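Accompanying notes for the structure given below.
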Amino acid sequence: DAKTTQPTSMDCAEGRAANLPCNHSTISGNEYVYWYRQIHSQGPQYIIHGLKNNETNEMASLIITEDRKSSTLILPHATLRDTAVYYCIVRVPHYGQNFVFGPGTRLSVLP
Amino acid sequence: DSGVTQTPKHLITATGQRVTLRCSPRSGDLSVYWYQQSLDQGLQFLIQYYNGEERAKGNILERFSAQQFPDLHSELNLSSLELGDSALYFCASSVDPTMVPNEQFFGPGTRLTVL
């Protein structure tokens with residue numbers, strides 16, 4: 001699995017958009033980008049995934065650069081409940097290819 | 001609620017002991033994964049089962065073992081426990097690891113404390 005690089009921590013004001021970057025410069029053509037988050041000590045929660053195109057769901061938007069070497073997770077209107085550690089992961093959907101969680105980005109949404 | 005259940009929620013035991021953690025996957029999910037999360041190591045993948053068969057191994061110690069039963073629930077057995085085994089243990093499940101996105105649904109975890 002390709003390695004990812006994320007900022008250690010970020011702050012965001014409540015109600016504003018939170019933009020979380022991720023670098024994955026060694027990503028291969030068949031690797032997907034996934035985002036998960038972990039609120040305090042709860043189990044990680046799936047947010048969104050993408051291959052090439054930008055994606056949006058009810059939780060967030062995922063912007064992937066054209067060369068696929070980086071991506072940005074956007075939480076359009078951050079709330080205090082979005083305070084969590086956000087993990088960017090790249091992997092191939094395959095039996096032996098599992099999710100490798102790095103240290104992630106600790107997002108603090110401030111009132 | 002992800003639909004994945006784990007028992008027990010908390011477990012306190014002594015060094016040298018053996019414990020069993022249990023996981024029931026979401027209805028319809030065939031694959032189960034175990035992860036360990038300690039303060040200094042982050043979230044580490046341990047082992048994966050698919051429809052009763054072991055499919056992938058991560059950083060799982062020889063003192064640890066797991067299995068997935070015909071009803072698809074899974075158990076993680078930890079033996080000869082050491083202080084350093086104190087951690088949160090998460091179970092996750094998914095339908096099929098080869099499908100996209102192979103979204104993994106995580107349970108609430110079991111907090112193991114070894115004294």
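Regarding chain B, what is the average projected area of its C-alpha convex hull, in nm²? Don't skip to the end; give the middle numbers.
On the way: hull surface 26.7 nm².
Result: 6.7 nm².
Rounded to the nearest 10 square angstrom, A:TYR87 shows an accessible area of 10 square angstrom against a 1.4 Å probe. Once you divide the Cα radius of gyration of chain A by 2.2 N^0.38 Å, the number left is 1.01.
For the range B:54-102, a reduction of at least 40 Å² in accessible area between the chain on its own and the assembled protein chains (probe 1.4 Å) is found at B:ARG55, B:PRO97, B:THR98, B:VAL100, B:PRO101. If you sort A:ILE47, A:ILE63 by accessible surface, 1.4 Å probe, largest first, the order is A:ILE63, A:ILE47.
As a test of the definition: with a 1.4 Å probe, what buried accessible area, both sides summed, do you compute for A against B, in Å² to the nearest 100? Each step should come with its number before you reach the end.
Details: alone 6520 and 6250 Å², together 11040 Å².
In total, chains A and B hide about 1700 Å² from solvent.
Within chain A, the longest segment free of exposed loop sites, counting GluC sites (Glu not before Pro) that fall outside DSSP classes H, G, I, E and B and have at most 11 other Cβ atoms within 10 Å, spans A:1-57. For the pair the range A:5-83 / the range B:6-41, the C-alpha centres are spaced 27 Å from each other.
Across the range B:101-115, computed HN-Hα scalar couplings (Karplus, 6.51 cos²θ - 1.76 cosθ + 1.60, θ = phi - 60°) run x, 6, 4, 9, 9, 9, x, x, x, 10, 8, 9, 10, 9, 9 Hz from first to last residue, x flagging Gly and Pro. Residue by residue, the range A:82-88 carries 3J(HN,Hα) couplings of 7, 4, 5, 9, 10, 10, 9 Hz when phi is fed to the Karplus relation 6.51 cos²θ - 1.76 cosθ + 1.60 (θ = phi - 60°); x denotes Gly or Pro. Between A:PHE101 and B:PHE45, the built amide H atoms are under 5 Å apart, and every one of these is 5 or more places off in sequence or on another chain.
Our coupling estimate for the range A:35-45, obtained by passing each phi through the Karplus curve with A = 6.51, B = -1.76, C = 1.60 and θ = phi - 60°, is 10, 10, 9, 10, 8, 6, 9, 7, x, x, 10 Hz, Gly and Pro reported as x. Apply the Debye scattering formula to the protein assembly as shown, with a single equal point scatterer on each alpha-carbon and no solvent, then give log10 I(q)/I(0) at q = 0.11, 0.15 Å⁻¹. Debye output, listed in q order: -0.55, -0.99. A simple charge model with +1 on the Cβ of Lys and Arg, -1 on the Cβ of Asp and Glu and nothing else charged puts the dipole of the range B:1-84 at about 100 debye relative to its Cα centre. Using 0.36 nm per residue and subtracting the Cα-Cα separation, the extra length available between A:ASP11 and A:ASN30 on full extension is 3.6 nm. Among the lysines of the protein assembly as shown, pairs that are 8 or more positions apart or on different chains and have alpha carbons within less than 24 Å of each other number 4.
The values are calculated or read from the model by the stated rules, or taken from the named source; none is laboratory data. All values derive from a computational prediction rather than experimental measurement. Methodologically, a virtual Cβ is constructed for each residue, glycine included, from the backbone with ideal geometry; neighbour enumeration extends over all protein chains shown. Just so you know, the surface numbers come from the protein's heavy atoms only, side chains and all, with ligands and any DNA or RNA stripped out. Shrake-Rupley method; radii C 1.70, N 1.55, O 1.52, S 1.80 Å.
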